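Below: one structure, written as structure tokens.
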Amino acid sequence: MSAMQFNLLPDVKLEYIKAERSRKVAASLALLVSGVAVAILLIMLITVEVVQKKQLSNAASAVTTANKQLSGITGLSKVLTVQNQLGALTTLHQQKHITSRIFTYLPEITPDNVKITQTSLDFVKDSITITGTAGSQLAVNTFVDTLKFTQYKANAQASQQAAFSAVVESAFSLSDNGATYTIDAQFDPALFTNSGQIPQIILKNQVTTRSVLDDPSNTLFSGQTKTGGQ
């Protein structure tokens, strides 16, 4: 004879049992998540309070040790001073004036019958003084006018600028052999800056190409060039 079972629990009781089972599962999951969160928090606290402090302490000790070692090096301050000076050389090089360019500019703007015995450059006042001789006063006047109207271009893309200003013949004398003169002028500082590219001198809207410096017979400079204001 087979056995038969009857579920005599009401539907309300069944729903209560299911809800109780779900609550227990949720509580278990909540406890598990809380445990994981607490574990993570503990790990973070240990990392901050123990590991990082230990690392900082070790780093401070290493710095102290290295500082003592450096302090024990004889002449370290002198070495550091030399290094700082070497580091400033690049800037100083870029700021220095290329005075030798005067030997490129003057042959391009000086008339053929005018000689130069002395040239003085003052880079504080951006001034130039030219002294020399000429075949006549007319040649000197031509030289003065040439200086007044000389222009330059810093590079191929730049616009033309006046190379000299306030050009004045400050002294002159005449003799049977010709004339002596002294010309004072202001020059544009860009003519001598260490830009890496020599400005192009322009006369009467024409770029000059005369290169007499390489000519052994060139007698333009019969004196010397002086620079000042360095």
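The values are calculated or read from the model by the stated rules, or taken from the named source; none is laboratory data. This structure is a prediction, so every number in the text was calculated from the model and none was measured. All Cβ positions, even for glycine, are placed from backbone atoms using ideal geometry, and neighbour counts span all protein chains on display.
Just to be sure I understand the filter: pairs with C-beta atoms under 7 Å, separated by 6 or more residues or on different chains, first member in the stretch 155-167 and assigned by TED's automatic domain parsing to the domain that holds Ile202 and on the phi > 0 side of the Ramachandran plot, second member at pLDDT 90 or above and outside any loop (DSSP other than H, G, I, E, B). Which pairs pass? Partner pairs satisfying both residue conditions: Ala166/Ala185; Ala166/Gln186.
Just wondering, is there one or more residues in the stretch 139-146 that are in a strand (DSSP E or B), among the hydrophobic types (A, V, I, L, M, F, W, C), under 21 Å from Arg101 (Cα atoms) and free of Cβ contacts under 8 Å to residues at least 40 places away in the same chain?
No, the conditions are met nowhere in the stretch 139-146.
Quick one: would you say Lys54 is basic (Lys, Arg) and modelled with pLDDT of 80 or more? Yes: the conditions hold for Lys54.
The set of residues in the stretch 145-179 being within 33 Å of the chain's Cα centre (by Cα) and of a type in the set (S, T, N, Q) consists of Thr150, Gln151, Asn155, Gln157, Ser159, Gln160, Gln161, Ser165.
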